[in-house]
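Data first, discussion second: the structure below is written as C-alpha cells.
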Ligand SMILES: Cc1ncc(COP(=O)(O)O)c(C=O)c1O
C-alpha cells in the first residue's frame, strides 16, 4: 500500500503542532519523523511500510511483544465493561485482583500494600512523599533528606527529579526540589556525617539505566540494605526499568536477596501496553498513616487515572503470560545467546565496554576505547549510529554514546542476531567515515 501522501501530511502536522519529550525540536523539525503505525511481536512498522525490530522495547516498556492477543482481548473486554472510575472513593475488581497478585510476587508478601499511579516518575514521587510523611508521623521530622547516587535517574516530576543526578536533565531546576544528597558510591555514602537526617536512600538496583546502563558492583545492593538497616533509613528500590524480568529475574533485588521498604514499578507492569505504576510498601509504613480525621495522617496524593481499569486488566494478563508462556524460563537461553552474539562487536575499533545485565545491554562507543577517549559529545555519534541502524531494520535509542539494546522478551534468536548485526553495520558506517 502506498501511504506516502498520508506520511507527508502527518509529518507536516507533527512539525506544526507537536512538542516531543527529550527532543531538540529544531533538529526534529528538519527531518521527516518516523511515524510508527503498527506493532506485532518484537517488531514495529512505520507509515512507509518499513519494519523494524523494537530494539529498546519502546523505551524499556515492552515485555511479551506488541499486540499480544491475550493482552489485547483483556483490555478490550475491560474497556467494554468499565473504562474508568475514580479511585478516590470507589474501587474496582481489577485493581483489587492486581494488588493481591502484585504483593505475592515477592515470596511471603513482605510489601503487602499497593499504591497505584500512572508512570515511573509518579511511582517514585509517591514513594518519596510517603517516606517524608512517614518520618513526620513517626515523630522524626528531622529525617528530611534523601540520598541517591551519581548518574541516577528516577523520573521528571519535581520530587523524582530532585533525587536524579544527571546534570543535563536536572541542574536547571535545582533549588525547587526536595533536599537530596548525591553520592558517587556506597563508600562515600557510608562516610556521610548525618545519616540521622536521611529519610530514605533511593537506588536503581543492579543497573543504572539513564546513566548509560552502568552496573553496580556485585553485592553492593546487599551492603546498602545493611547500611540502611543499621541507620534506620528507609530503602526505596526504583525497579521502573528493571522490574518484570528485565534483568533475568522478576525483580532485580531478588538477585541479591534484598527487600526494600518501598518498591517502585511501572513500564513493564502492563507488558508495556498502557500507563500504570505502583508503589509497594511495608505494613509498618502503611500503618503509620492510619488515624482519625483530626489526627491528619492521610496521604494526600493521587491522580485522576489512578488504577485505570483497562491498564489493570493489561497488567493481570501480562502476569498470566509470565506463568502460561514461562516467560522467564524462555528468556534465559536468549540472554545467553545475546551475550554470544555481542562478541561480533568486540573487535570493532570504536567499541569500548559492553555491559549486559539480563536482557539489557549497553555498548560504549568511543573514539579511542583503549585511551577511554570519547567522540566529541556534540557530534551525537550514538544517535547517528541508531539512525543508521534503522536502514538495517533496527530501532533503538542511545544514552549519549552508549548504544542500548533491550528488545521485547518474545524476540527470536534470529531476530536477536539481526539486531546485533544491524548495530555492527551502523557502527561501521558512522565511525569509519
Ligand atoms: C529507573 C527509572 N525510574 C523512573 C523512570 C521514570 O519513568 P517514567 O518515564 O514512566 O515516568 C525511568 C524512566 O526511564 C527509569 O528508568
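The values are calculated or read from the model by the stated rules, or taken from the named source; none is laboratory data. The model shown is predicted, which means the values in this text are computed figures rather than measured ones. Note that each Cβ is placed from the backbone with ideal geometry, even for glycine, and that neighbours are counted across all protein chains shown.
Observations
- Some residue of segment 70-89 being surrounded by 15 or more Cβ atoms within 10 Å (Cβ to Cβ), within 16 Å of the ligand (Cβ to nearest atom), within 23 Å of residue 303 (Cβ to Cβ) and modelled with pLDDT of 95 or more: no
- Residues (away from the ligand (no atom under 13 Å from the Cβ) and under 21 Å from residue 216 (Cα atoms)) located in segment 142-161: 146, 147, 150
Let's see how each residue does on (1) touching a residue at least 60 places away in the same chain (Cβ under 8 Å); (2) within 23 Å of the chain's Cα centre (by Cα):
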{"residue": "372", "(1), (2)": "no, no"}
{"residue": "379", "(1), (2)": "no, no"}
{"residue": "383", "(1), (2)": "no, yes"}
{"residue": "387", "(1), (2)": "no, yes"}
{"residue": "396", "(1), (2)": "yes, yes"}
{"residue": "407", "(1), (2)": "yes, yes"}
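- Summed over segment 273-293, the residues that are closer than 22 Å to residue 71 by Cβ, out of contact with any strand residue (DSSP E or B) (no Cβ under 6 Å at 6 or more places or on another chain) and away from the ligand (no atom under 11 Å from the Cβ) give a count of 2.
- Qualifying residue in segment 114-125 (condition: away from the ligand (no atom under 16 Å from the Cβ) and either in contact (Cβ under 8 Å) with a residue 40 or more places away in the chain or within 19 Å of residue 201 (Cα to Cα) (or both)): yes
- Residue within segment 171-183 that is in a loop (DSSP other than H, G, I, E, B), free of Cβ contacts under 8 Å to residues at least 60 places away in the same chain, within 16 Å of the ligand (Cβ to nearest atom) and under 24 Å from residue 222 (Cα atoms) present: no
- For segment 213-239, a residue qualifies if it is within 12 Å of the ligand (Cβ to nearest atom) and either part of a loop (DSSP other than H, G, I, E, B) or surrounded by fewer than 18 Cβ atoms within 10 Å (Cβ to Cβ) (or both), and the qualifying residues are 213, 239.
- Of the strands (runs of 3 or more DSSP E) that lie entirely inside segment 277-378, those containing 1 or more residues that are buried (at least 16 other Cβ atoms within 10 Å of the Cβ) and not assigned by TED's automatic domain parsing to the domain that holds residue 261 span 351-357, 360-365.
- Residues in segment 256-272 that are within 15 Å of the ligand (Cβ to nearest atom) and touching a helix residue (DSSP H, G or I) at 6+ places or on another chain (Cβ under 7 Å): 260, 262, 264, 265, 266, 267, 269, 270, 271, 272.
- From 64, 15, 20, residue being crowded, with 18+ Cβ neighbours inside 10 Å and either out of contact with any strand residue (DSSP E or B) (no Cβ under 6 Å at 6 or more places or on another chain) or part of a strand (DSSP E or B) (or both): 64
- Some residue of segment 195-207 being within 16 Å of the ligand (Cβ to nearest atom), touching a helix residue (DSSP H, G or I) at 6+ places or on another chain (Cβ under 6 Å) and part of a loop (DSSP other than H, G, I, E, B): yes
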